[in-house]
């Protein structure tokens, strides 16, 4: 209802009658002691109380779903562990950790997801996630951000002549510090770009579709540089940014967390990413 704003459409999507939807919402409102929706001729919108309530309701549903999943897996596995990594870290890092966990913790089942680390921190704080790796730091009570390794951001271009890189520069979003560094470097280009890529892999994809330039993670650029699909802009500064492992200070499964962190650090060393 909150998403669709219509009793009829909600009933159609749930394959129940409109009367059933109305009855369930009325029962919920009676139990809560306030109106969740304000009815009108076009349907219904969240009331002021409903707007405050909706996030708590969604979190409750997520917790129930997680509890159901935990209970179902209890017959086969000792523990269930939920991991989230930024997409850029998936293929070249996170899946190596998954392989490590499968070999070293076969009694632990895993759920994998991908999103930004700021969202992951919120999920960890809410008890909906156990471990994450990502790039953006955020202070969240009860959540630990531990530097894991350092990424190098380099400027590359798909123009035939690297000196033409300014002709189609794509700013990327990383963090506030990088935004400041990027702004100082590109100067007047700040006001002339057509596209900004908050998702850094989008910038890398655009480089392969048209002549453009962008900062990308050096590790992800190396295969394209070797194939000569892109060129490095040699005079451009290199920016270093930390990658973090993110976890709760009071974990649900302390022994599994200790093992998972050990695996991440081992994978980091194996891939030659460990900070020196």
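The values are calculated or read from the model by the stated rules, or taken from the named source; none is laboratory data. What you are looking at is a predicted structure, and each value in this text was computed from that prediction instead of being measured. FYI the Cβ positions are ideal-geometry reconstructions off the backbone, even for glycines, and counts take in every protein chain you see.
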The range 248-276 residues that are under 16 Å from residue 109 (Cβ atoms), paired with ones that are surrounded by 12 or more Cβ atoms within 10 Å (Cβ to Cβ) and modelled with pLDDT under 90 (beta carbon under 6 Å, 6 or more apart): 253/79; 256/79
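Residue-wise test of (1) closer than 30 Å to residue 151 by Cα; (2) surrounded by 13 or more Cβ atoms within 10 Å (Cβ to Cβ); (3) in the same structural domain as residue 199 (by TED's automatic domain parsing); (4) at pLDDT 85 or above.
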| residue | (1), (2), (3), (4) |
| --- | --- |
| 15 | no, no, no, no |
| 44 | no, yes, no, yes |
| 49 | no, yes, no, yes |
| 64 | no, no, no, no |
| 110 | yes, yes, no, yes |
| 113 | yes, yes, no, yes |
Which pairs do you get when a residue that is in the same structural domain as residue 260 (by TED's automatic domain parsing) and over 19 Å from residue 108 (Cβ atoms), found in the range 72-94, comes within reach of a residue that is crowded, with 19+ Cβ neighbours inside 10 Å and at pLDDT 90 or above, reach meaning Cβ atoms under 6 angstrom, with the pair 6+ apart or on two chains? 86/134; 89/133
Could you go through the range 173-188 and let me know if any residue there is assigned to a strand (DSSP E or B), touching a strand residue (DSSP E or B) at 6+ places or on another chain (Cβ under 9 Å) and outside the structural domain of residue 248 (by TED's automatic domain parsing). no
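Let's see how each residue does on (1) touching a helix residue (DSSP H, G or I) at 6+ places or on another chain (Cβ under 8 Å); (2) surrounded by fewer than 14 Cβ atoms within 10 Å (Cβ to Cβ); (3) at positive phi:
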{"position": "147", "(1), (2), (3)": "no, yes, no"}
{"position": "162", "(1), (2), (3)": "no, no, no"}
{"position": "172", "(1), (2), (3)": "yes, no, no"}
{"position": "175", "(1), (2), (3)": "no, no, no"}
